[in-house]
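As structure tokens, the structure follows; a few thoughts come after it.
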Amino acid sequence: MMSRPPSRSAVLENVLIAGGGIGGLATALALAKRGIASSILERRLLFGEDGAGIQIGPNGTRILEQLGAAEFLKTRIAVPDALRILDAVNGRQLGSFPLGRWIALRHGAPYWVAHRRDLHNALLSAAEREPLIKIRMGFDVSGVREEGGKVTAMSVNEDEARGDVLIAADGAWSALRSRAFAGPATVYTGKCAVRTVVPIEEVPQALNRTEVHLWLGRDVHVVHYPVNAGRAVALVAIFDDRSIAIDWSTPCDRDWVTARTNSFDPLLRELLAAPDNWRRWSLLALREQPRFIVGRMALLGDSAHPILPFLAQGGVMALEDAVIIADALAGNRSDPAAALAGYAQARAARVRRVARASARNGRIFHLHGAMAAARNFALAKIPPERFMRRYDWLYGWKHP
């Protein structure tokens, strides 16, 4: 039996995007580059200033150039020369691996570190200049329905928005994942993170280097790198911990951090003692990957695949999703549901591989005893460039 061709009402004209974070804004920009209008539905009344650092590998910076957001960001980022790995207890350097010029030449795009706020502002600035993008603030999507070739999003204030497709980009705590996709709830991984940003004047001189620092300890690791064009340092510590924080920005007492790190190398303790204010969040994961699509609706970014931060790729995966879903919709405007199915097929294996590699890194970072000694020996012996070539599959990704 032959299927009927899509009706004229099915032709793609407008896309609804639930969420105005990195993934939502990038998707709107990618769609606009392909001539497709979108409406971003953001639950907040104002975009906040809170946030942490973010590492953007070549697979992400390449996309930012395409979206027109890189020029704004270039004056606010730092370009680290290396990834420097140290022992958190005795301060011994375990290895140093090339970034900077080496990775840019190898993959044709740079490796940047930035404040997440600056990345968001770069995307937002580009979106606000784009006539095909509308941003509706204070629109907290409480439900969706699909009928007659359209998707309607309803807000808690009983507002409505209608489009041909809805993309849920509402983050790791996604409400739409369960409401519209019958997806599983996230589960706590047993790891929590605390974050802050330290003015460069408060950073010990020995650590004032244009590098990504990774300190490894028993059941803990610490990452820091320059942001704000080198005027500050983003600092994150991740611990194995049983208690769970309820959101992305739970305040954390400085004494809690110092008590958990009192056995660390004095230089690292000095850095961790500098900030007065910390924010804490719990690292969440999904036991099983949800359906990326239901009819004319799709999940994107952390709402589809919350990835642990041990490969620094969560935000970049949202950028990759954005260009792939935009390509899919632009390539099949007469059948958006089929286009979304193509997007899901294109992304599933990639994000599974990144998620598994990130989780594996997390286990390696928190080793102790003989296993940690073996890890440290391997880091010292492996040639630095060979170590980095192991990630060609990650950083060398380009969308078709």
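We did not get these values from a lab; they are worked out from the coordinates using the rules stated. The structure displayed is predicted, hence computed values, not measured ones. Glycine gets a Cβ as well: all are built from the backbone with ideal geometry, and neighbour counts include every protein chain shown.
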Name the most mobile residue of ASP118, ASP335, ASP302, meaning the one with the largest mean-square fluctuation, in a Gaussian network model of the chain with Cα contacts below 10 Å.
ASP335
Given H placed on each backbone N at 1.01 Å, which residues far from ALA18 in sequence or on other chains put an amide H within less than 5 Å of it?
LEU41, ILE167, ALA168, ALA169
For the range 2-111, what are the per-bin percents of Cα-Cα distances with bins 10 Å wide, up to the bin holding the maximum?
11, 27, 27, 19, 10, 4, 1, 0
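Once every DSSP H run of n ≥ 4 in the chain is given -39500 (n - 2.57) and the sum is divided by its residues, what mean residue ellipticity at 222 nm do you get, rounded to the nearest 500 deg cm²/dmol? Kindly include the intermediate steps, with their values, before the conclusion.
Details: 13 runs with 138 residues, N = 400.
Computed mean residue ellipticity for the chain: -10500 deg cm²/dmol.
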Looking at the range 140-190, which GluC sites (Glu not before Pro) are in a loop (DSSP not H, G, I, E or B) and have at most 15 other Cβ atoms within 10 Å?
GLU158
Does the range 229-271 come out rounded, prolate or oblate, given a ≥ b ≥ c as the square roots of the eigenvalues of its C-alpha gyration tensor, rounded meaning a/c under 1.5 and, failing that, prolate meaning a/b above b/c?
oblate
Scaled radius of gyration (Cα, divided by 2.2 N^0.38 Å) that the range 199-309 gives
1.30
Kindly give the semi-axes, whole Å and largest first, of the ellipsoid equivalent to the range 129-170, taking each as the square root of 5 times a Cα gyration tensor eigenvalue.
17, 15, 9
When only alpha-carbon atoms count, how far does the range 106-145 stretch along each of its three principal axes, as whole angstroms with the largest first?
46, 23, 21
Of the trypsin sites (Lys or Arg not before Pro) in the range 259-289, which ones lie in a loop per DSSP and count no more than 16 other C-beta atoms within 10 Å?
ARG287
Among bridges DSSP assigns within the chain, what percent are antiparallel (round to 5)?
70 percent
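The range 95-160: which trypsin sites (Lys or Arg not before Pro) are DSSP loop and have at most 11 other beta-carbon atoms within 10 angstrom? Could the numbers behind the result be given before it?
Working: sites: ARG101, ARG106, ARG116, ARG117, ARG129, LYS134, ARG136, ARG145, LYS150; in loops: ARG129.
Counting only loop positions with at most 11 other Cβ atoms within 10 Å, the trypsin sites (Lys or Arg not before Pro) in the range 95-160 are ARG129.
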Can you give the alpha-carbon Rg of the range 247-400 over 2.2 N^0.38 Å, where N counts its residues?
1.34
Overall form of the range 131-255 per C-alpha gyration tensor (a/c, 1.5; a/b vs b/c):
prolate
Check: C-alpha center the range 67-137 vs C-alpha center the range 289-332, spacing in Å is 19 Å
Could you list which residues have their amide H under 5 Å from that of ILE135, counting only those 5 or more apart in sequence or on another chain, with H placed in the peptide plane?
ILE40
